[in-house]
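FYI, it's all coordinate maths here, none of it is from the lab. Predicted model only: the values in this text are computed from it and were never measured. A quick note on method: Cβ atoms are made from the backbone with ideal geometry, for glycine too, and the neighbour counts reach across all protein chains shown.
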Amino acid sequence: MEEDKIKSSGMQPEDFQSQEKDIKPLPENITGRIKSLYLKARENKRLYKTLQISSVTLISIFCLLFVFLFMLYIVPGLQELTSGGKTRFTADQELKKDTNYKKLTQLLVKDIQRLSKKYSSYTPGQSYVIINTTDNRFFLYRNKKLIREGFCSSGSYTMLKTEGEKRWIFRTPKGKYWIQGKITSPVWRRPDWAFVEEGLPIPSKDDPSRWEYGVLGDYALSIGDGYLIHGTLYKRFLGMPVTHGCVRLNDEDLEAIYNTLNIGSKVYIF
Amino acid sequence: MKNSEKKKLPGKMIILIATGAFLLVLLVYYSLLSALAPSRKRAEIEKSIGPQQTSGNNKDERVYSDSAYNTLLKEKSFLQARISMAETDSVYMVLNIHDSTASLAISGVEVHTAKIREMKISRILRSGNEYLISSMFASPMNIVRDFATIRKEPLMIKMAPKDTSEFKPDIIPDTSDYEPVNYIMEMDNGVRIFIYQESDTITKDKHELFYFDLKDRMKNIWSSIKSSARFKVPEYHPFIKIRLPKADAKILYRAIPRQGQVAVYM
């Protein structure tokens, strides 16, 4: 049988034997080598000590790492396992027939209906606008239905600082506001920061250089505290946070909003 | 010489074994105390808002474990919490675990809604007493602190030019969306809400999330170790972990005020 194998492989019997010799004693060689290396290391005290220290260090690091990982990941998992105690829920038919139970649930249902009605009454039936300052988008609603959406520009979150202690933060306020005024052909009264920003001296309050025409578009809607929803010359910046706190829109969107919203209409900014 | 070496080795070994054993004992002690923490929290909740604490104690005890009654109660609690938040003019968050949505609302008007892609909820909230859970969430939770990988307000500081020669017109702002969005909000009732951007993101984002999570875990471990050292059961924080699309996660974080409010419906 073995001879057949040798024949099929096309090798001479001596060749095969020599190959077998090469393969079989290898493990012994390795252990022998390790043994000799170990003996050599033992003879070399410095090397032996270094090996000993490094192996102890490695084991310690491994143990510490295990402890660390155990505390980081296993213990929280363990907490989840032990937080158990599933509550049993019943659908007790006897309880369902109980008059007190019926009264209780009826009372709850009534409460829920009342509260649902109250909650839905918060959404205005009239027109309102929602402004998303993170994505710089607006959503115009009429009769609780979305009628228009598009891009806008909101506060840039820039803090303008002077060498003195003066500072302004250009952010659009968030929360619920309402339209307090509607203006056609608005004129911009440049505040102090508009001069500071350009390195110009701040003029007196009634200085004619404060008035700028045609930069706010055809309409402006005031939401209080000096903040406006208005048009812009910089239409390429729509969809970006670039303003000093006001909300800028393109001409068509501004006209639609101006025509849809009335004084008192809600403006939701987030 | 050889004998003394032989004598030294077992001594070192004993020290090593003793240290190992000590560490093991500490680990077991820490694990046991930590394992006790959820039941302690549960007892605390029961004590403060359990059935015996609520008015109308003449109710049949079976009512508290009746699923139909509890479902109605949860719905009522959720509405109550939202109405309470709607009374303010501020932005608040509504987590509807039941519908897998996370939304923002202002004065009762839903202004933004995002679909929750993944969620993991603490077992104490998932399988605990529904009566307790609905009582726990009947009033809105207040955010006491938050940790995030993004800034709440991406403020850029610009120095005013001294004169017109120094003035440079504004360049287009950098709106590239490279920041990973992960944050944790700690509530006044001890619940922690983790909001992570959804997982199909770039490797860098995954690394950021790993370090963010690791940092938080280490912070918790430190406080747990401190409690354990004082022979106290560490504090347990029930959690709600959700994953949202990155853009939605960012919108939610930027919109909600620092001390904002959150309502949860399970």
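In table form, for the structure just shown:
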quantity: For B:Asp163, net neighbour charge (Lys/Arg +1, Asp/Glu -1) across residues whose Cβ lies under 13 Å away; calculated: -2
quantity: Residue mean of other protein chain beta carbons inside 10 Å, B:183-190; calculated: 0
quantity: Segment A:128-269 - Rg (one decimal) and Dmax (whole number), Cα, Å; calculated: 15.3, 51
quantity: Computed log₁₀ I(q)/I(0) - Debye formula, equal Cα scatterers, no solvent, the protein assembly as shown, q 0.11 Å⁻¹; calculated: -1.07
quantity: Most mobile of A:Gln106, A:Gln93, A:Gln79 in a GNM of chain A (Cα contacts under 10 Å); calculated: A:Gln79
quantity: All-pairs Cα distance distribution in chain B, expressed in whole percent, bin size 5 Å; calculated: 1, 5, 9, 13, 13, 12, 11, 9, 7, 5, 4, 3, 3, 2, 1, 1, 0, 0
quantity: Relative contact order computed over segment B:95-205 (Cα-Cα under 8 Å; 6+ residues apart), in percent; calculated: 22
quantity: Least to most buried among B:Lys204, A:Lys161, B:Lys232 (fewest other Cβ within 10 Å first); calculated: B:Lys204, B:Lys232, A:Lys161
quantity: Net charge of neighbours whose Cβ lies under 9 Å from the Cβ of A:Leu160, counting Lys and Arg as +1 and Asp and Glu as -1; calculated: +3
quantity: C-alpha center-to-center spacing [segment B:66-99, segment A:145-191] in angstrom; calculated: 33
quantity: Cα convex hull of segment A:80-193, projected area averaged across orientations, nm²; calculated: 17.0
quantity: DSSP beta bridge pairing in chain B, given as percent antiparallel to the nearest 5; calculated: 75
quantity: Relative contact order computed over chain A (Cα-Cα under 8 Å; 6+ residues apart), in percent; calculated: 18
quantity: Net +/- balance of residues flanking B:Arg40 in space, Cβ distance below 12 Å, scoring K and R +1, D and E -1; calculated: +1
quantity: Computed [θ] at 222 nm, helices only, for the protein assembly as shown once each DSSP H run of length n ≥ 4 contributes -39500 (n - 2.57); calculated: -14000 deg cm²/dmol
quantity: DSSP beta bridge pairing in the protein assembly as shown, given as percent antiparallel to the nearest 5; calculated: 70
quantity: Length-normalised contact order for chain B - Cα pairs under 8 Å, 6+ apart - percent; calculated: 28
quantity: Chain B: DSSP helices with Cα axial extent of at least 30 Å and average Kyte-Doolittle hydropathy no lower than 0.5; calculated: none
quantity: Axial C-alpha extent at least 18 Å, average Kyte-Doolittle at least 0.5 - helices from chain A (DSSP); calculated: A:45-69
quantity: Relative packing of A:36-49, A:117-130, A:237-250, which averages over residues the other C-beta atoms within 10 Å, highest first; calculated: A:237-250, A:117-130, A:36-49
